[in-house]
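Structure first, commentary second.
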Amino acid sequence: MTEFKTLAQMRRSHRKFTSEEIDAEDVKLILRAALMSPTSKGQRAWEFVVVDDKLDLEKLSDAKAMGGQFLKDAPLAIVVLGDPMANDCWIEDGSIAAISMQYQAEELGLGSCWVQMRGRGLSDGTSADTVIRGILDIPENLSVLCVLAVGHKADERQPQNEDKLKWERVHLNKY
């Protein structure tokens, strides 16, 4: 197992993936990380849709005007959902689950990238939420937070540079 301090330094967003499929056990471990992530009041009210169908991945890549096109080349996407009416912390809970999946993917040697969908959409005003709901038959009560692209890395990224950490943005006791 990788030490967390190393894992945090190594995890970078990857938008280029090989065509190699992800092992089913690795997918299960990634989802396990989400299902074990902490939630407000222990509600565990998130939902996840795992997508490996190439046609659906291509459609997801067009769910917003910019920034999601690389999804079509990912072997796997995980859509993170929450119910805003049932859980006022759905965004926070979904975010914690998403980053937990990203760290697990990194620990497995896989790349990932968060694709923001909440508050995004097409140039004609159609929300990404509406587009994704139509593609994946998502119930009306659920909202899309993000889509995680996951795959075997096709590019190399340098680890985070310790010398460039913005320690000046950390304040002790008072601002």
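Brief remarks on what is shown
- Among the GluC sites (Glu not before Pro) in segment 114-175, those located in a DSSP loop and surrounded by at most 12 other Cβ atoms within 10 Å of their own Cβ are 140, 156.
- Residue-wise HN-Hα coupling along segment 129-142, computed from phi with Karplus coefficients 6.51, -1.76, 1.60 (Hz; x: Gly, Pro): 4, 5, 4, 5, 4, x, 5, 10, 6, 7, x, 4, 6, 9
- For residue 76, the amide hydrogen comes within under 5 Å of the amide hydrogens of 150, counting only partners 5 or more places away or on other chains and with H modelled in the peptide plane.
- In nm, spacing of pseudo-spin labels at residue 16 and residue 62 (7 Å Cα→C-beta vector): 2.5 nm
- Among the protein heavy atoms, those of residue 14 account for about 10 Å² of accessible surface (1.4 Å probe, every chain in place).
- Pair residue 28, residue 155: separation of 7 Å Cα→Cβ label points (nm): 3.3 nm
- The separation of segment 24-42 from segment 57-97, counted between C-alpha centres, amounts to 16 Å.
- Across segment 92-175, the convex hull enclosing all Cα atoms gives 204 Å³ per residue.
- The helix-based estimate of mean residue ellipticity at 222 nm for the chain, built from -39,500 (n - 2.57) per DSSP H run of four or more residues and divided by its residue count, is -9500 deg cm²/dmol to the nearest 500.
- The dipole here belongs to the chain: it is taken about the Cα centre, uses +1 on the Cβ of Lys and Arg and -1 on the Cβ of Asp and Glu, and is about 680 debye.
- Using only alpha carbons, the chain has a radius of gyration to Kirkwood radius ratio (Rg to Rh) of 0.98.
- Calculated SAXS-style log₁₀ I(q)/I(0) at q = 0.16 Å⁻¹ - segment 1-44, Debye, Cα scatterers: -0.71
- The Cα trace of segment 54-102 gives Rg and Dmax of 12.8, 34 Å, the first to one decimal, the second as a whole number.
- Exceeding the 28 Å Cα-Cα cut-off - candidates 16/59; 16/164; 54/166: 54/166
- Taking every protein chain into account, the 1.4 Å probe leaves residue 51 with about 10 Å² of accessible area, to the nearest ten.
The values are calculated or read from the model by the stated rules, or taken from the named source; none is laboratory data. Please read all numbers here as calculations on a predicted model, not as lab measurements. Counting neighbours? That spans all protein chains shown, and the Cβs are built from the backbone with ideal geometry, glycine included. Side chains included, ligands, DNA and RNA excluded: accessible areas come from the protein's heavy atoms. Shrake-Rupley method; radii C 1.70, N 1.55, O 1.52, S 1.80 Å.
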